[in-house]
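Asker: Submitted below is the structure of interest, expressed as structure tokens.
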Amino acid sequence: MQPIDPYNIHRICLSRMKFIGDVVLTTPIIRSLREKFPNAYIAYVGDKQAVSLLEHNPYLNEIIPFDFSRTTLFEQPRVMVALRRRKFDVFIDLFCNPRSALLARASGTPIRIGKEVKGRGRLYTHRIVDDGKPKTAIEYYYQYVQPLGIEPAHRRTEIFLTDDEKREAQNYLKWQDLDLTKPIVGLHPGATWPAKMWQWEKFADLADLVRAKLDAQVVITQGPNDGTLMEAISRKVVGNLLILPVVQLRQLAAIIAQFNVYVANDNGTMHIAAAVGTKTTGIFGPGEENIWFPYSRDDGHAALRKDVPCHPCHLDFCNRTGDDYMECMKLLSVKDVFEEVKKRFGV
């Protein structure tokens, strides 16, 4: 692997093609790139929805969205042409799936950094091999910029909200009859995969407990496929409960920024909450919190998980049966989570 001369680097493309949480977890890398190359043109290419969270990031010059709602036949060539026109010096692929590897090669960029993967590693000029040591997702991504002479300097994720976005979020919550002078606890019971979901009944009980014991307002946030889940929770809770409709990601980030505490399953909203500075409690089952929850207790964040023999299973659907089905989530009680929320209130 030939050494890279940083003095020849003027145009950089960083890419994490998919997944909201993963894009958020790359934000420390963006800041570190800017500090190393203060005068470089730095662009970011990725899923249109996820990379919207990078808008107004002062360390980026451009965001190149890939619209996965469009047919690949049209979208892939469009993005390839956009990349070639920009004549990047370096392409850093943090995803390294077949699509992103092909985009890196098709971009015409002379220096392409990506993972050593059989069959497509040859599409990169500089291939990264993980050293196998335990590390957070952020530390893992830092390996991809080491060939540029960048060492881990920043580990805090960040989403940059405008004053207008914050003000609109505040007004929106006021229109929902929330008192912004009183504490607000946000809950997110959904997740992309069923194995990552704490039981919805427990979220309902947690909402009741928070309102009764902490005199706090509770807001439930939801994803695009959570309608049935929301109906079940609203039927179980005592009294009225504010369930927000599905909103755009940046609006959601601005709303979560108004919360005092946020409790979420292991999903993208959990990462959004930590990045906007809201004290976040992440609920983990099949995933590894030491990798996917790189957030400090000193900042008010906490990850909760119960030890079970099958952890980490990395499964989307639990494959255990009978009483052992979803054991990791069953063992985590409402009291366990409520006690963490209490700590964020200094109780």
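The values are calculated or read from the model by the stated rules, or taken from the named source; none is laboratory data. Nothing here was measured: the structure is a model prediction, and the numbers come from that model. Because the Cβ atoms are built from the backbone with ideal geometry, glycine has one as well, and the counts that use them run over all protein chains shown.
Asker: Given the criteria over 18 Å from G227 (Cβ atoms) and not assigned by TED's automatic domain parsing to the domain that holds A274, does R167 qualify?
Answerer: It is false that R167 is over 18 Å from G227 (Cβ atoms) and not assigned by TED's automatic domain parsing to the domain that holds A274.
Asker: Only one of (1) within 15 Å of H188 (Cα to Cα); (2) more than 21 Å from the chain's Cα centre (by Cα); (3) basic (K, R) fails for K330. Which number is that?
Answerer: Here K330 clears every test but (1).
Results for (1) crowded, with 19+ Cβ neighbours inside 10 Å; (2) of a type in the set (K, R); (3) closer than 23 Å to L25 by Cβ; (4) assigned by TED's automatic domain parsing to the domain that holds D179, shown as yes or no for each residue.
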site	(1), (2), (3), (4)
N265	yes, no, yes, yes
G282	yes, no, yes, yes
E288	no, no, yes, yes
D307	no, no, no, yes
L315	no, no, yes, yes
K330	no, yes, no, yes
E339	no, no, no, yes
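Asker: Also, quick follow-up: Any idea which of P58, P65 is more than 24 Å from P147 (Cβ to Cβ), touching an Asp or Glu at 6+ places or on another chain (Cβ under 8 Å) and outside the structural domain of T269 (by TED's automatic domain parsing)?
Answerer: So the residue among P58, P65 that is more than 24 Å from P147 (Cβ to Cβ), touching an Asp or Glu at 6+ places or on another chain (Cβ under 8 Å) and outside the structural domain of T269 (by TED's automatic domain parsing) is P65.
Asker: Look through segment 208-231, keep the residues that are free of Cβ contacts under 8 Å to residues at least 60 places away in the same chain and exposed (fewer than 15 other Cβ atoms within 10 Å of the Cβ), and return whichever of them is nearest to W175 (Cα to Cα).
Answerer: That would be D215.
Asker: Going residue by residue through segment 90-99, is there one that turns out to be buried (at least 19 other Cβ atoms within 10 Å of the Cβ), in the same structural domain as G46 (by TED's automatic domain parsing) and acidic (D, E)?
Answerer: Scanning segment 90-99, I find at least one residue that is buried (at least 19 other Cβ atoms within 10 Å of the Cβ), in the same structural domain as G46 (by TED's automatic domain parsing) and acidic (D, E), so the answer is yes.
Asker: Could you say whether any residue in segment 162-175 is among the hydrophobic types (A, V, I, L, M, F, W, C), surrounded by 14 or more Cβ atoms within 10 Å (Cβ to Cβ) and touching a strand residue (DSSP E or B) at 6+ places or on another chain (Cβ under 7 Å)?
Answerer: Within segment 162-175 (the criterion being among the hydrophobic types (A, V, I, L, M, F, W, C), surrounded by 14 or more Cβ atoms within 10 Å (Cβ to Cβ) and touching a strand residue (DSSP E or B) at 6+ places or on another chain (Cβ under 7 Å)), the answer is no, since none of the residues qualifies.
Asker: Now for a separate question. I'm checking my understanding of the structure. Among residues of segment 76-95 that are among the aromatic types (F, W, Y) and in contact with a helix residue (DSSP H, G or I) (Cβ under 9 Å, 6 or more places away or on another chain), which one is farthest from Y140 (Cα to Cα)?
Answerer: F91
Asker: Could you list, in sequence order, the residues of segment 238-275 that are touching a residue at least 40 places away in the same chain (Cβ under 8 Å) and assigned to a loop (DSSP other than H, G, I, E, B)?
Answerer: Correct list: L244, Q248, A257, Q258, F259, N260, D266, N267.
Asker: Would you be able to tell me the number of residues in segment 53-75 that are in a helix (DSSP H, G or I) and either under 13 Å from the mean Cα position of the chain (by Cα) or within 22 Å of E139 (Cβ to Cβ) (or both)?
Answerer: Residues in segment 53-75 being in a helix (DSSP H, G or I) and either under 13 Å from the mean Cα position of the chain (by Cα) or within 22 Å of E139 (Cβ to Cβ) (or both): 2 in total.
Asker: Out of the residues in segment 4-29 meeting the condition of being surrounded by fewer than 20 Cβ atoms within 10 Å (Cβ to Cβ) and free of Cβ contacts under 8 Å to residues at least 60 places away in the same chain, tell me which one is nearest to I113 (Cα to Cα).
Answerer: Checking each candidate, the answer is D5.
Asker: Would you point out the residue of segment 41-52, among those that are surrounded by 22 or more Cβ atoms within 10 Å (Cβ to Cβ) and either in a helix (DSSP H, G or I) or of a type outside the set (V, I, T) (or both), that is farthest from the chain's Cα centre (by Cα)?
Answerer: The residue in question is Y44.
Asker: Pull up segment 1-40, narrow it to residues that are part of a helix (DSSP H, G or I) and farther than 24 Å from F66 by Cβ, then point me to the one that is modelled with the lowest pLDDT.
Answerer: Of everything passing the filter in segment 1-40, P6 is modelled with the lowest pLDDT.
Asker: Working only within segment 276-319, note down all residues that are under 15 Å from the mean Cα position of the chain (by Cα) and in a loop (DSSP other than H, G, I, E, B).
Answerer: V276, G277, T278, F284, G287, E288, F293, P294, Y295, H301
Asker: Checking the conditions here, which among R70, R85 is loosely packed, with under 14 Cβ neighbours inside 10 Å, in contact with a Lys or Arg (Cβ under 9 Å, 6 or more places away or on another chain), free of Cβ contacts under 8 Å to residues at least 12 places away in the same chain and of a type outside the set (A, V, I, L, M, F, W, C)?
Answerer: Only one candidate qualifies: R70.
Asker: Report the residue count in segment 129-176 for those that are closer than 30 Å to I243 by Cβ, among the charged types (D, E, K, R) and either assigned to a helix (DSSP H, G or I) or at pLDDT below 95 (or both).
Answerer: Qualifying residue count, segment 129-176: 7.
Asker: Determine, yes or no, whether K330 is of a type in the set (K, R), within 20 Å of K196 (Cα to Cα), in contact (Cβ under 8 Å) with a residue 40 or more places away in the chain and not in a loop (DSSP other than H, G, I, E, B).
Answerer: Yes: the conditions hold for K330.
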